[in-house]
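Trainee: Could you have a look at this structure, given as structure tokens, before my questions?
Bear in mind these aren't lab numbers, they're just calculated from the coordinates by the rules spelled out. From a predicted model like this one, the values you see are computed outputs, not experimental measurements. Positions of Cβ are generated from backbone atoms using ideal geometry, with glycine treated the same way; all protein chains shown enter the neighbour counts.
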Amino acid sequence: MTYDTENIFAKILRGEIACDKVYEDEFALAFHDINPQAPVHILVIPKGAYISMADFTARAPADLIAGFFRAVGQVARDNGLEAPGYRILANAGDDAHQEVPHLHIHIFGGKRLGPMLTA
Ligand code: AMP
């Protein structure tokens, strides 16, 4: 599978489409999900053309991998989620219903989230 440079998160990274940004550094961009599934629902994406976690961890340089995961933790802390708790999730591929083919980690929080999976 090749990376689709016209996917919506690629356009957000290029500044062609606006987002409700909550965090940005040289490795990652985080913004509010447009269709939130929890009181806090933030997406964190790496700066680079990566489809999924498998793609990212196979091809990305080590500093980007480290920086991306640091950004996920930073965003959780900055949004007050560390103490009450939160959930991270990354969909990959059809079975997981990945809609946007650019790696993104969902951060959910702000309420008791219940059981881990809903089918
Ligand atoms: P996934 O099913 O894991 O690929 O999730 C894609 C997520 O991207 C969904 O939760 C959408 O609501 C969200 N989304 C799609 N377009 C945008 C956008 N322009 N800005 C913010 N979130 C978006």
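Trainee: Determine ³J(HN,Hα), in whole Hz, for all residues of segment 13-19 in sequence, where each value follows from phi through the Karplus function 6.51 cos²θ - 1.76 cosθ + 1.60 and θ = phi - 60°; x replaces Gly and Pro.
Mentor: Going residue by residue, I get 4, 7, x, 7, 10, 6, 9 Hz, with x marking Gly and Pro.
Trainee: While we're on this one: Under the rule a/c < 1.5 gives rounded, and otherwise a/b versus b/c splits prolate from oblate, where does segment 1-89 land using the Cα gyration tensor?
Mentor: Because a/c hits 1.5 or more and a/b fails to exceed b/c, segment 1-89 counts as oblate.
Trainee: Which ³J(HN,Hα) values, rounded to whole Hz and listed in residue order, are derived for segment 87-102 from phi using the Karplus coefficients 6.51, -1.76 and 1.60 in 6.51 cos²θ - 1.76 cosθ + 1.60 with θ = phi - 60°, glycine and proline given as x?
Mentor: Calculated HN-Hα couplings, in order: 10, 10, 8, 9, 7, 9, x, 5, 4, 8, 6, 5, 8, 10, x, 10 Hz.
Trainee: Can you list residues from other chains, or at least 5 along the same chain, whose modelled amide H is less than 5 Å from the amide H of LEU29?
Mentor: HN-HN under 5 Å from LEU29: ILE45, LYS47.
Trainee: So if we plug the beta-carbon distance of LYS111 and GLU24 into 1/(1 + (r/R0)^6) with R0 = 25 Å, what FRET efficiency do we get, rounded to 0.05?
Mentor: Efficiency computed from Cβ-Cβ geometry: 0.45.
Trainee: With θ set to phi - 60° and the Karplus curve 6.51 cos²θ - 1.76 cosθ + 1.60, what are the ³J(HN,Hα) couplings of segment 27-37 in order, to the nearest whole Hz, using x for Gly and Pro?
Mentor: 9, 8, 10, 10, 8, 5, 5, 6, 10, x, 9
Trainee: For Cα pairs less than 8 Å apart in space and 6+ apart in sequence, what is the mean separation divided by the residue count of the chain, i.e. the relative contact order in percent?
Mentor: Relative contact order for the chain comes out at 30 percent.
Trainee: With axes computed from alpha carbons, what is the tilt in degrees of helix 62-78 against the longest principal axis of the chain, rounded to the nearest 10 within 0 to 90?
Mentor: Roughly 30 degrees between the two axes.
Trainee: May I pose another question? Multiply the residue separation of ASN35 and THR57 by 0.36 nm, subtract the distance between their alpha-carbon atoms, and state the gained length in nm to one decimal.
Mentor: Full extension of this stretch gives 5.2 nm more.
Trainee: Only Cα pairs within less than 10 Å get springs; with that Gaussian network setup on the chain, which residue of HIS97, HIS32, HIS106 has the largest fluctuation?
Mentor: Checking each option, the largest mean-square fluctuation is seen for HIS97.
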